[in-house]
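Novice: Let me give you the structure first, and then I'll get to my questions.
The values are calculated or read from the model by the stated rules, or taken from the named source; none is laboratory data. This structure is a prediction, so every number in the text was calculated from the model and none was measured. Here the Cβ is made from the backbone with ideal geometry for all residues, glycine too, and neighbour counts use every protein chain on show.
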Amino acid sequence: MALIVKKFGGSSVATTEKIMAVAGRILADKGPDDKVVVVVSAMGDTTDDLIKLAKAVTDKPYGREMDMLLATGEQVSIALLAMAFASLGQPAVSLTGFQAGIATTGAFNKGKIRAVKAERVLAELDAGKIVVVAGFQGMTAGGDITTLGRGGSDTTAVALAGAMNAAVCEIFTDVDGVYSADPRVVKAARRMREITYNEMLEMARLGAVVMQPRAVEMGKHYGVPIHVRSTFTRESGTIIREAYTVEEKEFTVRGVTHDANVAKVAILGVPDRPGIAFKVFSALAQANIDVDMIVQSIRNADKNINDIVFTIAQPDLPLAKQIIEKVGSDMGVLGVTVDENVAKVSVVGAGMYGSPGIAAAMFGALADAGVNIEVISTSEISISCLVQADKVKEAVAAIHARFFPDNANGG
Ligand code: ADP
Ligand code: ASP
Ligand code: MG
């Protein structure tokens, strides 16, 4: 007997036929005493469609009502999947995030799971049912629905698995594992048999949307292995865990990621005195806006003014622009510019710390591909470059070819 949490993403449940197929596969794989919790996302592009609806009626598509709207997507798929199980003779029950005990912080659109009270889920499992839980949503202490950010169903699944001490959290999706680059962009990308939480977390943070970063953090926190695999094939997939257990070919760089969901903000002519950066970034932090690459450079040493350039996620741009224009005018800056036509390309690998050649090789690959680098940032296990958005695919391919040269046939 095992307790297993399985999560199916939007493309896995995009149609009623696919929902029936998911129900059938879960039953085929279920041992007689297994207890199965299934977390599902909204069908297909439902979340994108809901965002479009909101944008048609407001230029502020965020906040409480946005979450009220977005959470409906997952409610459709849980009900349909529970009905599909019933039609196959399997008792099942659907639960919203709240009913499943997912307690969240009050940050609308970016809620974080602060606790999982799994009593109801456990009771339904004990009653012999498959429990189908709405991903991506939870409820605040004050009774408001919050969503967990794009890709948040991954986090619901891993949090439930951790809280219930499940043997494994299986993430079923439209690719058959984690690859050394997005396999839709780099045909030669290789599938990994295993990847550590730390490397997967960095890849996810830097744009590998196959896992939401928070989900990987949760997995690491609880020590739950996460198994990324295909909904549509029976390939073995990729296990995300603390340390490697099988010998893989030594790659200093594990993956190349890209993120086109980036915007660049530049504040020009900022006074060069203590407290200025604090003012700018605390205003953004108060609005829950995550800032990523930050560069300050001297604009004019005689006049004691600098430029500050940073990147944020594109959906945060309208609010960030409003905040920065206000802070900027209070400080008397020369101007604020924004650019959405940028993207970030990164290399990730725990082994690259202390390997100075990696940065040079990455920049060399970009130079040879004729891609200009606008901003560079580094962490212990990654290097990122901001490039023009229309160059990003070329950039990923060129960097991948540099680090995985003999891997044209996959792994
Ligand atoms: P789901 O709807 O199942 O949650 P997502 O679209 O969120 O699926 O995530 C799966 C997608 O992640 C894949 O279709 C793939 O294009 C993309 N992806 C990006 N980087 C990677 C990577 N390194 N390995 C595998 N998939 C990746
Ligand atoms: N439906 C949500 C989204 O599209 C959550 C998820 O799919 O994980 O982002
Ligand atoms: Mg996803």
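Novice: If you take the residues in the range 170-194 that are more than 16 Å from the chain's Cα centre (by Cα) and of a type in the set (A, V, I, L, M, F, W, C), which one is nearest to ligand 2 (Cβ to nearest atom)?
Specialist: Here the residue is V185.
Novice: Let me ask something else about it. Looking only at residues that are among the hydrophobic types (A, V, I, L, M, F, W, C) and part of a helix (DSSP H, G or I) in the range 177-212, which one is farthest from V262 (Cα to Cα)?
Specialist: Of all residues in the range 177-212, those among the hydrophobic types (A, V, I, L, M, F, W, C) come to 178, 181, 185-186, 188-189, 192, 195, 200-201, 203-204, 206, 208-211.
Going one step further and asking which of them are part of a helix (DSSP H, G or I), we end up with 200-201, 203-204.
Values: M200: 20, L201: 18, M203: 15, A204: 14 Å.
Per the stated criteria, the residue is M200.
Novice: Return the pair list, or none, for Cβ contacts closer than 8 Å from residues in the range 1-17 that are farther than 12 Å from T231 by Cβ and touching a residue at least 60 places away in the same chain (Cβ under 8 Å) to residues that are assigned to a strand (DSSP E or B) and of a type in the set (K, R), at least 6 apart or on different chains.
Specialist: Every condition considered, the pairs that remain are A2/K35; L3/K35; I4/K35.
Novice: Okay, moving on. Could you figure out which of (1) farther than 25 Å from G177 by Cβ; (2) surrounded by fewer than 18 Cβ atoms within 10 Å (Cβ to Cβ) isn't true of D67?
Specialist: Every condition holds for D67 apart from (2).
Novice: Regarding A71, is this residue away from ligand 1 (no atom under 16 Å from the Cβ), within 15 Å of R150 (Cβ to Cβ), in contact with a Ser or Thr (Cβ under 7 Å, 6 or more places away or on another chain) and in contact (Cβ under 8 Å) with a residue 24 or more places away in the chain?
Specialist: Criteria met by A71.
Novice: Here is a list of conditions, (1) in contact with a Phe, Trp or Tyr (Cβ under 7 Å, 6 or more places away or on another chain); (2) away from ligand 1 (no atom under 16 Å from the Cβ), and S41 meets all of them except one; can you say which number that is?
Specialist: Failed condition: (2).
Novice: Which one of V121, V132 is surrounded by 21 or more Cβ atoms within 10 Å (Cβ to Cβ), in contact (Cβ under 8 Å) with a residue 40 or more places away in the chain, out of contact with any Asp or Glu (no Cβ under 9 Å at 6 or more places or on another chain) and assigned to a strand (DSSP E or B)?
Specialist: Exactly one residue qualifies, and that residue is V132.
Novice: Whether any residue in the range 150-173 is part of a loop (DSSP other than H, G, I, E, B) and of a type in the set (F, W, Y) is what I want to check.
Specialist: Among the residues of the range 150-173, not one is part of a loop (DSSP other than H, G, I, E, B) and of a type in the set (F, W, Y), which makes the answer no.
Novice: Identify, by number, the condition in (1) surrounded by fewer than 15 Cβ atoms within 10 Å (Cβ to Cβ); (2) within 20 Å of the chain's Cα centre (by Cα); (3) not acidic (D, E) that G357 doesn't meet.
Specialist: (2)
Novice: Do any strands (runs of 3 or more DSSP E) entirely within the range 247-351 hold 3 or more residues that are among the polar types (S, T, N, Q) and modelled with pLDDT under 95, and if so, which?
Specialist: Numbers: elements: 255-271, 294-300, 305-313, 335-348.
Those strands (runs of 3 or more DSSP E) span 294-300.
Novice: OK, next. Please verify whether the range 64-71 includes one or more residues that are within 26 Å of D290 (Cβ to Cβ) and in contact with a Leu (Cβ under 7 Å, 6 or more places away or on another chain).
Specialist: First, pick out the residues of the range 64-71 that are within 26 Å of D290 (Cβ to Cβ): 64-71.
Okay, now just the ones that are also in contact with a Leu (Cβ under 7 Å, 6 or more places away or on another chain), so 69-70.
Within the range 64-71, one or more residues are within 26 Å of D290 (Cβ to Cβ) and in contact with a Leu (Cβ under 7 Å, 6 or more places away or on another chain).
Novice: Can you name the condition, by its number, that D33 falls short on among (1) at pLDDT 95 or above; (2) away from ligand 3 (no atom under 13 Å from the Cβ)?
Specialist: Failing condition for D33: (1).
Novice: Moving on to the next point. For the range 120-141, state whether one or more residues are more than 16 Å from ligand 3 (Cβ to nearest atom), among the hydroxyl-bearing types (S, T, Y) and at pLDDT 95 or above.
Specialist: yes
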